[in-house]
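Below: the structure, in structure tokens.
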Amino acid sequence: MKCEQIGRKLQSYVDGELTDPQLLERFEIHLTRCESCHRSVLARRKLVGMLKAMFGLQREDSTVMTPL
Amino acid sequence: MSLIVYPNPESQLLAQYICGDSLSGSALADRLRYQVFYLVRQYTSTSEEAEDITQDCLLRIFEGMSTVDPERPLYPWICAIARNCSISWMRQQSRIKSIPLETVTETLTSENQFDSVVNGHIALLEKALACLEPLDRELLEQKYYHELNYTEIGAKVNLSADCVRKRISRALDRLQGDRSVMSVLEEEVKM
């Protein structure tokens, strides 16, 4: 698998939508060998984490949180 | 046999973990760590403290998982745990923390500086987000806060699931391509 293909499938991978086991295996093998793509995946996950935190904080005052 | 469609990969991993798949539990912890860390960082003065609280939150999340319905949005529940853990930690700190009078100004300044950095990260993201089309912002919020899947979002905004997926992917590419956001991501990617 080449870096361009990784780039096209990056979002599906981060969203957990790469369900074809062979494709998933090839994708992850590439990540173990390619530092650049590995960092892209980490960065995308981080971005999604920041977005979730940001939306959560924006609604923190207006949402009643479920008590533990 | 009925196929359950989970709102997000975390919920799917949660369902597998509840069924006894410990590998799914590890994968879930990895995915949640980023989200929880960013939430609790708002309340702490150092990233080391945030990491400690993140561990505590993850423990509490895993302890409470048997009571969670994986088919319902997971994120509001995680937000609540992160917030409650952080507030407990802050209360504990306020009880045990004693600051020498002569260093009060210095300590408060350093904590305020840290808060500014974290709030700065979120502000940068908000600024980059504001440059996107309103529909793209709405799609991101539906996906990453309300945890709807592409089909559900598509039904709300009258677009196909595939179109929603492409728009969200492009919107994320744009955010990731923003120079300020990129610098934050590169700085934080070690976490």
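Rounded to the nearest 500, the 222 nm mean residue ellipticity of chain A from helices alone is -24000 deg cm²/dmol, with -39,500 (n - 2.57) taken per DSSP H run of at least 4 residues.
Just to confirm a number: summing +1 for Lys and Arg and -1 for Asp and Glu over residues other than residue B:59 whose beta-carbon lies under 14 angstrom from that of residue B:59, what do you get? Walk me through the intermediate numbers first.
Values: positive: B:33, B:60; negative: B:51, B:52, B:56, B:63.
Summing Lys/Arg as +1 and Asp/Glu as -1 gives -2.
Other protein chain C-beta atoms within 10 Å of residue C-beta, averaged over A:36-47: 5. Given a Förster distance of 41 angstrom, what is the FRET efficiency for residue B:51 paired with residue B:152, based on the Cβ-Cβ distance and rounded to 0.05? For residue B:51 and residue B:152, the calculated efficiency is 0.75.
Looking at this model, which pairs from A:9/A:46; A:2/A:52; A:9/B:127 are more than 24 angstrom apart at the alpha-carbon?
Values: A:9/A:46 17 Å; A:2/A:52 30 Å; A:9/B:127 27 Å.
Too far apart for the 24 Å limit: A:2/A:52; A:9/B:127.
Cβ crowding within 10 Å, taken as a proxy for footprinting-reagent exposure, orders A:3, B:57 from fewest neighbours to most as A:3, B:57. Our coupling estimate for region B:150-166, obtained by passing each phi through the Karplus curve with A = 6.51, B = -1.76, C = 1.60 and θ = phi - 60°, is 4, 5, 5, 5, x, 5, 6, 10, 6, 10, 6, 4, 5, 5, 4, 4, 5 Hz, Gly and Pro reported as x. Averaged over the residues of B:20-32, the number of partner chain Cβ atoms lying within 10 Å of the residue Cβ comes to 1.
Taken together, the values in this text are just the output of simple stated rules run on the coordinates, not laboratory data. What you see is a predicted model; the values in this text were computed from it and never measured. In this analysis, Cβ positions are derived from the backbone assuming ideal geometry, glycine residues included, and neighbour counts consider all displayed protein chains.
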